[in-house]
Every structure is written in structure tokens, then in C-alpha cells.
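A short reminder: the numbers here are calculations on the coordinates, not readings from a lab. Being a predicted model, the structure only gives us computed values, none of them experimental.
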Amino acid sequence: METEVEEIVSYLVANTPFDLEEFVAGLHRAMDYSTQITSDGADHGVDEIAHPDALGEEFIELLSETISLILNF
């Protein structure tokens, strides 16, 4: 029987990177962040921009390396 962490990691690995981006964005929306998934291409590894407020005065850039860390957990 898998632990909860193992179950989550298995779910994430079984999906596409785009599904993972949406999953992480959904977590941030659940934490009341305003999120924007960046377009594919020359975004220099930024997959999502999450703002703690709708005006976006402060922001967190989540890099694709985060996905690598999760998948290699």
C-alpha cells in the first residue's frame, strides 16, 4: 500500500507535464493565488506565474526545475 506522498507522486508522474502545471496552478488557486500558465516556448523555464493578490503587486515565478524536483522525489 502506497503512502499518501507516494500516491501523489505516482499520480503526477503518470500525467503529462502540462497536467502537472495545471495541478500546481490549482494548488496555488486553492491558496487564493491568482495564477497564469505561461505559453510554451521561449519562457526560459517559467511554467506559471502566481500572484498573492489579483493586482499582482507581488509575485512568485515557479520554474520548470520545480517539476523536475517533484518528479525525481
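For this structure, a couple of remarks:
- Derived scalar couplings between HN and Hα for region 25-32 equal 4, x, 4, 5, 5, 5, 9, 6 Hz in order, rounded to whole Hz, by the Karplus curve 6.51 cos²θ - 1.76 cosθ + 1.60 (θ = phi - 60°), x for Gly and Pro.
- Scanning residues 5 or more positions from Thr38 or on other chains, those with amide H under 5 Å from its amide H are Glu48, Ile49, with H placed 1.01 Å from N in the peptide plane.
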